[in-house]
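The values are calculated or read from the model by the stated rules, or taken from the named source; none is laboratory data. What you see is a predicted model; the values in this text were computed from it and never measured. Virtual Cβ from ideal backbone geometry, glycine too; neighbours counted across all protein chains shown. Note: areas computed on protein heavy atoms with side chains; ligands, DNA, RNA excluded. Shrake-Rupley method; radii C 1.70, N 1.55, O 1.52, S 1.80 Å.
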Amino acid sequence: MSEFLHMGGYAFYVWTSYGLALAILLWQLLAPLRQHRQLLARLRRKYRQSSQAGNKS
Amino acid sequence: MTNSLLAAFVVILRRDLTLALRTRSEIANPLLFFVIVISLFPLAVSPEPKVLQTLAPGVIWVAALLATMLSLDSIFRSDFEDGALEQMLLSPHSTSILVLAKVLAHWLVTGVPLILLSPLLGVLLNLPTEAMPALLATLALGTPVLSLVGAIGVALTVGLRRGGVLLSLLVLPLYIPVLIFASNAIATAGAGLEIRGQLYFLAALLALALTLSPFATAAALRISLR
Amino acid sequence: MWSFFHRLASPKHFYAFAGRLIPWLGWITLLLMLAGLYTGLFVAPTDYQQGESYRIIFVHVPAAWMSMFVYMVMAISGGIGLVWKMKMADIVAASAAPIGAAFTFLALVTGSLWGKPMWGTWWIWDARLTSELILLFLYLGFIALGSAIEDKRTAANACAVLALVGLVNIPIIHYSVEWWNTLHQGSTVTRFDRPAMATSMLIPLLIMFLAYKIYFFLVLFMRTRAEILDRERNTGWVKQLVTEAS
């Protein structure tokens, strides 16, 4: 196992590459998820406000 | 019909040239910039003739690129601001031909003086005499490409208030092939070798830019002016 | 068949369709990634020349391939939006750009990490890396232009023109960079070119490539869904969707 992690002396390069790939791919995946959720919440608030305003008048 | 198109082409060309000659500083400033940038290199790197000689082709071409970039905005900016551009789009003539007239005017005003000035700068940078014809030839083939491709970028950013930096972001990557082949041709000629291949490639780029860029520019203008 | 595509052109239907597809794409991506990692890290043998460091190609090369592919997707859908005034094509083009830029960036960084043990320096003006760097500039220019123009439709069309100009230019840039590189580096063979790759190394590479590709469509659909909601916020169906969900 430790030999596997050692990567024949190239551990730093190999694992940084894989780590960066994972980080970038995950970030790309999570960013639209969060954006979508925030947008839904914002739209929900907006519609609620406008419907309340409509009820009052 | 073709006659009236030609007449429109000539009218626009003459008008742009007259306007440019009336504001001489606009012609002179990019040239001055070109000279100053080039004279910075011996100061920054080394006045050693050998070093300058290897740097010269690249430095002259990068400076030409930047000087063209600075003058690009003038192709459409003032016409956009006073509404003349809108009139041009409304005219019955093909917009791409009219665009070509404007680009030609821009090249005559900025590209040609650059070419005329370049041997002097070549001397300043210790460029060998054998490389001088190559310098002139690459500039003659390359600067029209810079104007043509740059026109697309200006047309895309003309509606924006601060389009200057954005313009260079859009256009400079597209200039890379011209830069590579032109500066290489000069260096190769300096070593006394054959450069026909590089010149053919630059000519091919010019032909491609000449046929495609007016259409892209016209389309971009229509989008920007909507 | 045609009516299916016509319906996809409407943001409302695309939103629903992409929503149904996303979980599937997510699971497939996960499975392929795991398979690719397993075969790439455990099954593929050690390279006799480069040792273990060659294993970086399993994350690097697919990213480089995808960076080109995404640009094509972006330019073509931008062109479709420009010519046929199709709103969905504009949205797809705008959503693809950041993903493509991320792939390009990943290809650059992993290429540099691979280059360090191979060449001894972090950066070398290798043809492939240089092309990739210029491609990153093209992506960033596209994104910058898109965010500088306020009106969404104008932005989409202007970006489409830029992407198409870039698409014509990419082969020229690629060729000139290759040519420039062979002149300056002479006989040094670029390390990324492997004339004949052993099948046991090729399989994980292809699996990873497939994983990246499905992943791209997964993220693309997620981005387009968010973008659709944002652009269609004043329409009845979005209002209904949002209020019913809560």
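Here are some notes:
- Rounded to 10°, Cα long-axis angle of helix C:57-84 versus longest principal axis of chain C: 30
- Length-normalised contact order for the stretch B:3-224 - Cα pairs under 8 Å, 6+ apart - percent: 27
- Axis of helix B:2-22 versus longest Cα principal axis of chain B: the two differ by about 60°, to the nearest ten degrees.
- By the Cα gyration tensor, the stretch B:39-142 has an equivalent ellipsoid whose semi-axes, rounded to whole angstrom, run 37, 14, 8 from largest to smallest.
- For C:D90, C:D230, B:D82, the ranking by accessible surface with the largest value first comes to B:D82, C:D230, C:D90, using a 1.4 Å probe.
- Chain B: most fluctuating residue of B:G159, B:G111, B:G197 per GNM, C-alpha cutoff 10 Å: B:G197
- Helix C:236-245 and the longest principal axis of the Cα set of chain C meet at an angle near 80°.
- Over the stretch B:13-119, relative contact order from alpha-carbon pairs under 8 Å, at least 6 apart, %: 42
- Percentage relative contact order, chain C, counting C-alpha pairs under 8 Å, at least six apart: 33
- Within the accessible area of the stretch A:2-56 (1.4 Å probe), percent carbon and sulfur: 61
- Taking trypsin sites (Lys or Arg not before Pro) across the stretch C:50-108, none is in a DSSP loop with at most 10 further Cβ atoms lying within 10 angstrom of its Cβ.
- Simple spin-label estimate for C:L21 and A:A11 in nanometres, 7 Å along Cα-Cβ: 4.3
- Accessible surface buried once A binds C (1.4 Å probe; total of both sides; Å²): 3200
- Rg to Rh quotient for the protein assembly as shown, alpha carbon positions, Kirkwood Rh: 1.02
- Accessible-area order (highest first, 1.4 angstrom probe) of the listed residues B:E48, C:E232: B:E48, C:E232
- For C:W125, the solvent-accessible surface computed with a 1.4 Å probe is close to 130 Å², ligands and nucleic acids excluded.
- Chain B - Kirkwood radius from inverse mean 1/r over Cα pairs (Å): 18.1
- Additional length obtainable on full extension of the chain from B:L66 to B:V35, 0.36 nm per residue less Cα span: 10.0 nm
- Rg over Rh [alpha-carbon atoms, Kirkwood Rh] for the stretch C:1-70: 1.21
- Converting phi to 3J(HN,Hα) with the Karplus coefficients 6.51, -1.76 and 1.60 and the offset θ = phi - 60°, the stretch C:121-130 yields 10, 6, 10, 9, 7, 6, 4, 5, 5, 5 Hz in sequence order, with x at every glycine or proline.
- C:L8 accessible area, assembled protein chains, probe 1.4 Å, Å²: 30
- Estimated from the Cβ-Cβ distance and a Förster radius of 56 angstrom, the FRET efficiency linking C:D151 and C:L206 is about 0.85.
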